[in-house]
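Everything on this sheet refers to the single structure shown next.
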Amino acid sequence: MKAHDYTTLVCSERDNRANFHTMLSCVVPRPIAFVSTITAAGLPNLAPFSFFNGVGSNPPAVVFSPATKADGTDKDTLNNLREVPECVIHIVPYDIRDAMNHASAAFPPDVDEFVAAGFTKLESRFVKPPRAAECPVQMECKLLQIVPVGSGPLSANVCVAEILCFHIADDHLVAENGTADVTKLDAIARMGGDWYARITDRFQLPKPPPP
């Protein structure tokens, strides 16, 4: 293994935007949560977030963070979750990348991204927000809590959600226990800037025995 020479970037001495871009280019690859929510009046919203991961299985839970926008306002997803604390989190395969990217545009709150980006709505079983039929993995979730981290522009709003059920496309299942075929899923991940990653190069490392 090779040791490196380093440049140290002290976060408190840099502006938030610079720290934001450095973090996005270093914390990679990041899975994408394609999240549907709904307003109290019944208007759906669909938006991608790359601050996302699974955090436990008792109960099965995930976290994602709709960061506060650069102008200090909250994203529609966060506002919707405050009104209706439910969502559907979809995994994004390569073949819907363009439609997912289109849904990420800064549409006004009264725009339904399902319609704007061309996704087909499916009724959910346990929650009010609809599911996107073009996504092979859909997780119906209830919001457990929103944890603010910081305040103002680019601050985090960590949403902790319990998964109530999984919907997995039949041709993506490889085992009766619900394991999905990661090759068929062909999930994409977020990098820095305009870059994404397609996960086509995989390898196995068996867990080492206890020392």
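Every read-out reported here was derived from the displayed coordinates using simple, explicitly stated rules and does not represent laboratory data. Bear in mind the structure is a predicted one, so any value in this text is a computation, not a measurement. Positions of Cβ are generated from backbone atoms using ideal geometry, with glycine treated the same way; all protein chains shown enter the neighbour counts.
To the nearest whole percent, what portion of all C-alpha pairs in region 1-48 is separated by more than 13 angstrom?
The proportion of pairs with Cα distances above 13 Å equals 74 percent.
Excluding Ala67 itself, what net charge comes from residues whose Cβ is under 10 Å from its Cβ, given Lys and Arg +1 and Asp and Glu -1?
+1
What fraction, in whole percent, of alpha-carbon pairs in region 157-211 exceed 16 Å separation?
68 percent
How large is the dipole of region 31-198 about the Cα centre if only Lys and Arg carry +1 and Asp and Glu carry -1, each at its Cβ, rounded to the nearest 20 debye?
340 debye
All other residues with a Cβ under 10 Å from the Cβ of Phe107 taken together, and with Lys, Arg as +1 and Asp, Glu as -1, what is their net charge?
After counting each charged neighbour, the total is -4.
Once you mark the trypsin sites (Lys or Arg not before Pro) that are in a DSSP loop and have at most 10 other Cβ atoms within 10 Å, what is the longest gap between them in the chain?
So the longest stretch without any such site is 3-124.
Whose amide H sits under 5 Å from the amide H of Ser124, counting only residues 5 or more places off or on another chain, with H placed in the peptide plane?
Placed amide hydrogens put Arg131 under 5 Å from Ser124.
Please list the three semi-axes, largest first and in whole Å, of the ellipsoid equivalent to region 31-198, using sqrt of 5 times the eigenvalues of its alpha carbon gyration tensor.
For region 31-198, the semi-axes come out at 23, 18, 17 Å.
May I ask you to list the lysines whose Cα is less than 28 Å away from that of Lys142, ignoring any residue fewer than eight positions away on the same chain?
Lys69, Lys75, Lys121, Lys128, Lys184
Please order Asp110, Asp5 by the number of other Cβ within 10 Å, starting at the fewest.
If I rank by nearby Cβ atoms, fewest first, I get Asp5, Asp110.
Which of Met191, Met23, Met139 has the fewest other C-beta atoms within 10 Å, and how do the rest follow up to the most?
With the sparsest Cβ surroundings first, the list reads Met23, Met191, Met139.
Which of the chymotrypsin sites (Phe, Trp or Tyr not before Pro) found in region 115-210 are in a DSSP loop and have at most 12 neighbouring Cβ atoms, other than their own, within 10 Å?
Sites meeting the loop and neighbour criteria: Phe126, Trp195, Phe203.
Fewest first, what order do Val88, Val62, Val149, Val35 take by the number of other Cβ atoms within 10 Å?
The fewest-first ordering by Cβ neighbours comes to Val149, Val62, Val35, Val88.
Can you give me the P(r) profile for region 97-160? Cα pairs, bins 5 angstrom wide beginning at 0, each as a whole percent.
Spelled out bin by bin, region 97-160 gives 4, 14, 17, 18, 23, 17, 6, 1 percent.
Towards the positive end of the charge dipole of region 31-198, with charges on Cβ (+1 Lys, Arg; -1 Asp, Glu), say which of Val137, Asn80, Thr68 has the farthest Cα.
Thr68
Amide H to amide H, which residues 5 or more places from Val35 or on other chains are under 5 Å from it, using H placed in the peptide plane?
Ala47, Phe49, His90
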